[in-house]
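Enquirer: Here you go, one structure.
The values are calculated or read from the model by the stated rules, or taken from the named source; none is laboratory data. This one's a predicted model, so the numbers in the text were calculated from it and none came from an experiment. A quick note on method: Cβ atoms are made from the backbone with ideal geometry, for glycine too, and the neighbour counts reach across all protein chains shown.
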Amino acid sequence: MPDRTTVRPQIPLVVTAVFLVYLGQMTLNPIIAPLSREVGLAEWQIGATISAAAIMVVATSQFWGRRTQSWGRKPVLVVALAVATAAMALFAVAAGLGMTGAVTGTALFAAFVLLRGVGFGSAIAAVPPTAQAYIADVTDDEDARVRGMSAVGAVQGIAMVAGSVAGGALAGLGLLTPLVAIPVVLLVGLLLVAVRLRREPRHELVERPARVSPFDRRAWPFLAAGFGMFTALGFIQVITGFVVQDRLGLSTATTSLVPGGAMLAAGAGMFLAQGVVVPRSGWAPPTLLRVGCAIAACGFTLLAVDLGAAGLLGAILLIGIGLGIAMPGYTAGPTMLVRREEQGGLAGLIGATNGLTFVVAPLASTVLYGLSPLVPIVVGGALMAVVTAFVLLHPRFRTERA
C-alpha cells in the first residue's frame, strides 16, 4: 500500500461535496408534494420519478465505485457534479413551464423523469461511493473508519436539516424559488471540487478495481440489513408531505412549510446520532446496527398512530436517530473485511443496494397511500421490525467486531 503519511487526507473536502449534493436534493424534498399538485401530476407520477432516479443509482453505482479507484476521486466528482447541476437547472425550467401551463400532462411527466430521475439520479450515484471508498482507503483502523463514515452520514443529516429549512423558507417566496437555488448550490460544489481537490498520484490508483459480489459472505449480511433499513425509510420518505397535509388538514401553501419541519426532525435526529452518539459511543458496527435498528423500529410504531403534529415530528425524529446510529455500522462494517482493491467495488455495491430500495418503495408507498394512508407506514414498520430481528439474531452481528 502506498505511503499516505506525507499528504494530509482531504476527508473534509470530500465530505463537503457530499453535503452540497444532498443539500440540493433535500431542498427539493419539502416542496415535491405541493409542487406535484401545483403542476397537475398525480402522487404516483412523483413516486415514479423518484423510482427512476433509484434505478439509475442501481445501474451506475458499481461503475462509479470502481471508477473512483481507477480514474481517481476528482474526475468522478467533477463529472457527477456537472451533470447534477445541468439536470437540476433544466428541471427548474421544466417545473416553471408546468406551473404556467406551458407544458402539462405526459410531456411534463417525461421531463420530470428524465431530469430529476435519470439525470440527477445517475449523477448522485457517484458521490457516496466516492466518499466511502476514499475514507476506506485513508483509514486503517475500525474506530477511525466508523468516524469517517459517520461524518458522511452526519453531513447528510445536516443537509436534511438545512435543505428542509431552505426549501420551506424559499417556498414562501414561491415554489419556483427553491428550484432555482438548487443548481446554484450544486455549482458551488462543482467549483470547490474542481479547484481544491487534489488528484491522486498515478501509483495510488487501482488499474483494475475488483468486483464484489452481493452474495459475498463478508458483505451480504450488511447489505441485507441496509436494504431493509432503506426500504423501510423509502416507504415513508415520499409520503411525508401527503401525511402532513392530510392528517393536519393543511392548504397547499402551508404544506410546503410543515413537511420541512418533519424533515428537519429527521435530519436533526441523524445529525445527533452520527455527529454525537456514534463518535462518542465507541461501538463496533454490529452494535451500531443492533441499537439503531431497534430505535428506528420504535419510531415507525409511533408514526402509525395519529398523535397530531407533535407525535408525527417525534416519530420522525426517533426514526432519524435510529437510522443515523445504524448507518455507519452498515457502511463501515464490511469495509474492514475486504482488500484495498475491493473497496471501490464494495462502495458501489452499497450505493446500488441503497438505490435498489428506492426503485420500488416510493412508487409502492404512493400507490398504497392512495388505498389507505396507514398502509405504507405499517409496511415500513414491519420491514424495520424484520431488520431488527435479523441484526439481533444473525451470527455476523452477534460478535463485537465485524
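Enquirer: Quick check on the stretch 122-155: of everything there that is modelled with pLDDT of 90 or more and outside any helix (DSSP H, G or I), which residue is nearest to GLN343 (Cα to Cα)?
Expert: Result: ALA126.
Enquirer: Something else: One residue is enough: does the stretch 61-72 have a residue meeting the conditions of a type in the set (D, E, K, R), more than 19 Å from ALA352 (Cα to Cα) and touching a residue at least 40 places away in the same chain (Cβ under 8 Å)?
Expert: Of all residues in the stretch 61-72, those of a type in the set (D, E, K, R) come to 66-67.
When the remaining residues are screened for being more than 19 Å from ALA352 (Cα to Cα), the result is none.
No; the residues of the stretch 61-72 include none that is of a type in the set (D, E, K, R), more than 19 Å from ALA352 (Cα to Cα) and touching a residue at least 40 places away in the same chain (Cβ under 8 Å).
Enquirer: Test each condition in (1) in a helix (DSSP H, G or I); (2) modelled with pLDDT under 75 for ILE236 and report the one that comes out false.
Expert: The failed condition is (2).
Enquirer: Sticking with this structure for a sec: Kindly list, by first and then second residue, each pair from a residue in the stretch 15-42 that is free of Cβ contacts under 8 Å to residues at least 24 places away in the same chain to a residue that is among the β-branched types (Val, Ile, Thr) and surrounded by 22 or more Cβ atoms within 10 Å (Cβ to Cβ), limited to pairs with Cβ atoms under 8 Å and residues at least 6 apart or on different chains.
Expert: Pairs that qualify, where the first residue is free of Cβ contacts under 8 Å to residues at least 24 places away in the same chain and the partner is among the β-branched types (Val, Ile, Thr) and surrounded by 22 or more Cβ atoms within 10 Å (Cβ to Cβ), are SER36/ILE46.
Enquirer: In addition: Yes or no: THR60 at negative phi, of a type in the set (S, T, N, Q) and either surrounded by 23 or more Cβ atoms within 10 Å (Cβ to Cβ) or touching a Leu at 6+ places or on another chain (Cβ under 9 Å) (or both)? Quick ask: steps written out before the conclusion?
Expert: Working: at negative phi: yes; of a type in the set (S, T, N, Q): yes; either surrounded by 23 or more Cβ atoms within 10 Å (Cβ to Cβ) or touching a Leu at 6+ places or on another chain (Cβ under 9 Å) (or both): yes.
Criteria met by THR60.
Enquirer: Now for a separate question. Based on this model, can you work out whether ALA361 counts as in a helix (DSSP H, G or I), over 21 Å from ALA273 (Cβ atoms) and free of Cβ contacts under 8 Å to residues at least 12 places away in the same chain? Write out each step before concluding.
Expert: Values: in a helix (DSSP H, G or I): yes; over 21 Å from ALA273 (Cβ atoms): yes; free of Cβ contacts under 8 Å to residues at least 12 places away in the same chain: no.
Answer is no for this residue.
Enquirer: For the stretch 241-257: of the residues being crowded, with 22+ Cβ neighbours inside 10 Å and within 24 Å of ALA364 (Cβ to Cβ), which is modelled with the lowest pLDDT? Let's see the steps before the verdict.
Expert: First, the residues of the stretch 241-257 that are crowded, with 22+ Cβ neighbours inside 10 Å: 241-244, 255-256.
Add one more test, that the residue is within 24 Å of ALA364 (Cβ to Cβ), and what stays is 241-244, 255.
Values: GLY241: 72, PHE242: 75, VAL243: 79, VAL244: 75, THR255: 53.
Per the stated criteria, the residue is THR255.
Enquirer: Any chance you could count how many residues in the stretch 123-142 are surrounded by 24 or more Cβ atoms within 10 Å (Cβ to Cβ) and under 14 Å from GLY65 (Cβ atoms)?
Expert: Quick first cut of the stretch 123-142, residues surrounded by 24 or more Cβ atoms within 10 Å (Cβ to Cβ) only: 123-136.
Those left that are additionally under 14 Å from GLY65 (Cβ atoms): 124-136.
Looking only at that region, the number is 13.
Enquirer: Of the residues that make up the stretch 304-312, is at least one more than 20 Å from LEU392 (Cβ to Cβ), among the acidic types (Asp, Glu) and modelled with pLDDT of 85 or more?
Expert: No: the stretch 304-312 contains no residue that is more than 20 Å from LEU392 (Cβ to Cβ), among the acidic types (Asp, Glu) and modelled with pLDDT of 85 or more.
Enquirer: Follow-up. If you go through the stretch 326-343, how many residues are touching a helix residue (DSSP H, G or I) at 6+ places or on another chain (Cβ under 8 Å) and not in a helix (DSSP H, G or I)?
Expert: First, the residues of the stretch 326-343 that are touching a helix residue (DSSP H, G or I) at 6+ places or on another chain (Cβ under 8 Å): 326-336, 338, 340-341, 343.
With the extra rule that they be not in a helix (DSSP H, G or I), the set shrinks to 338.
Residues meeting the conditions: 1.
Enquirer: With the structure loaded, tell me whether LEU323 is more than 17 Å from ALA225 (Cβ to Cβ) and at pLDDT 85 or above or whether it fails that test.
Expert: Values: more than 17 Å from ALA225 (Cβ to Cβ): no; at pLDDT 85 or above: yes.
The answer is no for LEU323.
Enquirer: Restricting the first residue to the stretch 322-349 and requiring it to be of a type in the set (Lys, Arg), which pairs with a second residue that is surrounded by fewer than 24 Cβ atoms within 10 Å (Cβ to Cβ) and not in a helix (DSSP H, G or I) meet a Cβ separation below 8 Å and a spacing of at least six or different chains?
Expert: ARG339/ALA210; ARG340/MET1; ARG340/VAL206
Enquirer: So in the stretch 164-223, with the set limited to residues that are of a type in the set (D, E, K, R) and assigned to a helix (DSSP H, G or I), which one is farthest from GLN237 (Cα to Cα)? Quick ask: steps written out before the conclusion?
Expert: Initially, the stretch 164-223 is screened for residues of a type in the set (D, E, K, R), giving 196, 198-200, 202, 204, 207-208, 211, 216-218.
Applying the additional criterion that residues be assigned to a helix (DSSP H, G or I) yields 196, 202, 204.
Numbers: ARG196: 34, ARG202: 41, GLU204: 39 Å.
Across the stretch 164-223, the extreme among qualifying residues is ARG202.
Enquirer: Now for a different question. So if I check each of GLN69, GLN10, which one is closer than 17 Å to ALA133 by Cβ and surrounded by fewer than 21 Cβ atoms within 10 Å (Cβ to Cβ)?
Expert: Working: GLN69 fails: surrounded by fewer than 21 Cβ atoms within 10 Å (Cβ to Cβ).
Checking each option against the conditions leaves just GLN10.
Enquirer: If you go through the stretch 337-348 one residue at a time, do you hit one that is within 22 Å of the chain's Cα centre (by Cα) and of a type in the set (S, T, N, Q)? Lay out the reasoning, then the answer.
Expert: Our first condition is that a residue be within 22 Å of the chain's Cα centre (by Cα); within the stretch 337-348, this holds for 343-348.
Those left that are additionally of a type in the set (S, T, N, Q): 343.
The answer is yes; a qualifying residue exists.
Enquirer: Kindly indicate the residue of the stretch 364-381 that is part of a helix (DSSP H, G or I) and of a type in the set (Gly, Ala, Ser) and also surrounded by the fewest Cβ atoms within 10 Å (Cβ to Cβ) among those meeting that condition.
Expert: Initially, the stretch 364-381 is screened for residues part of a helix (DSSP H, G or I), giving 364-371, 375-381.
Adding the requirement that they be of a type in the set (Gly, Ala, Ser) leaves 364-365, 370, 380-381.
Working: ALA364: 20, SER365: 27, GLY370: 14, GLY380: 26, GLY381: 23.
Per the criteria, the residue is GLY370.
Enquirer: Among the residues of the stretch 384-402, count how many are in a helix (DSSP H, G or I) and surrounded by fewer than 23 Cβ atoms within 10 Å (Cβ to Cβ). Steps first, answer last, please.
Expert: So in the stretch 384-402, the residues in a helix (DSSP H, G or I) come out as 384-393, 395-397.
Adding the requirement that they be surrounded by fewer than 23 Cβ atoms within 10 Å (Cβ to Cβ) leaves 385-386, 389-390, 392-393, 395-396.
Total satisfying the criteria: 8.
Enquirer: Taking GLY40 and the conditions (1) farther than 25 Å from ARG208 by Cα; (2) in a helix (DSSP H, G or I), which numbered condition does it fall short on, given that it satisfies the others?
Expert: Against the list (1) farther than 25 Å from ARG208 by Cα; (2) in a helix (DSSP H, G or I), GLY40 comes up short only on (2).
Enquirer: Looking at ILE55, ILE50, ILE46 in this structure, which one is crowded, with 24+ Cβ neighbours inside 10 Å, farther than 29 Å from ARG202 by Cβ, within 16 Å of the chain's Cα centre (by Cα) and touching a residue at least 24 places away in the same chain (Cβ under 8 Å)?
Expert: On the way: ILE55 fails: crowded, with 24+ Cβ neighbours inside 10 Å; ILE46 fails: within 16 Å of the chain's Cα centre (by Cα).
None of the others qualify; the one that does is ILE50.
Enquirer: List the number of the failed condition for ALA315; all other conditions in (1) modelled with pLDDT of 90 or more; (2) out of contact with any Gly (no Cβ under 7 Å at 6 or more places or on another chain); (3) not charged (D, E, K, R) hold.
Expert: That leaves (2) as the condition not met.
Enquirer: Go through LEU323, LEU313, LEU346 for me and flag whichever is aliphatic (A, V, I, L, M), part of a helix (DSSP H, G or I) and surrounded by fewer than 24 Cβ atoms within 10 Å (Cβ to Cβ). Even if it seems obvious, please write down each step before you answer.
Expert: Working: LEU323 fails: surrounded by fewer than 24 Cβ atoms within 10 Å (Cβ to Cβ); LEU346 fails: surrounded by fewer than 24 Cβ atoms within 10 Å (Cβ to Cβ).
Result of the check over LEU323, LEU313, LEU346: LEU313.
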